[in-house]
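Right, one structure below, let's go through it.
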Amino acid sequence: MKVGQLGTDSIILAPIAAATTARTSSNLDISDANYVTLRVTLGAELNTNSTNVAISIKESDDTTASNFATFNSSFQRTVDNTAGTIATTHIDTEGRKRYLNVTITPDTTTNGTVISSVSACVFKNIKSTSTTMLGPDVQIG
C-alpha cells in the first residue's frame, strides 16, 4: 500500500474571507498518529496593503484553549499571499501532545480580506520498509 492511501483528510478550518481577525482551527486529535500534513490555503491579497498572513501551530494535552502552546518555532511563520498560495507543513507527531490547532492572522494593518482555510491529513499505524519513511511501500501496523 502507498503512504498517500493511508492518510485521513479533514477540514479543520472552513474557508471564509476574513480581515485582520485571528481565526483558530478546530482541535486536531493526533493520538496514535505517525505524522500530519497541514495545508493552509490562502487566497490572493485583496489589495497591496494586505500581503502577509501569520500562521501559528500549537499543541496541547487537552482541548482547553489556554493550554495550547508553541512547540517548535519553525512552525510559527509569515506567508506572503500576494498571489494565492498553499503553505504546507509536515509534522512528525510521534511523542507529541494529543491535540494540534492552527491560528491564521491576516495582516492587521488593513481591512483587506483574505480567503483562508486549513486542511489536515493524519497518518496512523504506518510501518515503513525504509528507515526514512520514504520507502515506496508501507504496511499497516
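The values are calculated or read from the model by the stated rules, or taken from the named source; none is laboratory data. Values in this document were obtained by computation on a predicted structure and should not be read as measured data. A quick note on method: Cβ atoms are made from the backbone with ideal geometry, for glycine too, and the neighbour counts reach across all protein chains shown.
General remarks:
- A count restricted to region 77-97 and to residues that are farther than 22 Å from Ile126 by Cα and either aliphatic (A, V, I, L, M) or outside any strand (DSSP E or B) (or both) stands at 7.
- Out of Gly95, Gly112, sole residue that is modelled with pLDDT under 90 and surrounded by 14 or more Cβ atoms within 10 Å (Cβ to Cβ): Gly112
- Any hit, region 83-91, residues being closer than 15 Å to Ala18 by Cα and at pLDDT 85 or above: yes
- Meets criteria (of a type in the set (Gly, Ala, Ser), under 12 Å from the mean Cα position of the chain (by Cα) and either assigned to a strand (DSSP E or B) or under 29 Å from Asn125 (Cβ atoms) (or both)) for Ser74: no
- Here the condition is being touching a residue at least 40 places away in the same chain (Cβ under 8 Å), polar (S, T, N, Q) and touching a Phe, Trp or Tyr at 6+ places or on another chain (Cβ under 9 Å); of Ser56, Ser25, it holds for Ser56 alone.
- Extreme residue, farthest from Asp62 (Cα to Cα), among residues of region 78-92 that are of a type outside the set (Ser, Thr, Tyr) and surrounded by fewer than 15 Cβ atoms within 10 Å (Cβ to Cβ): Ala83
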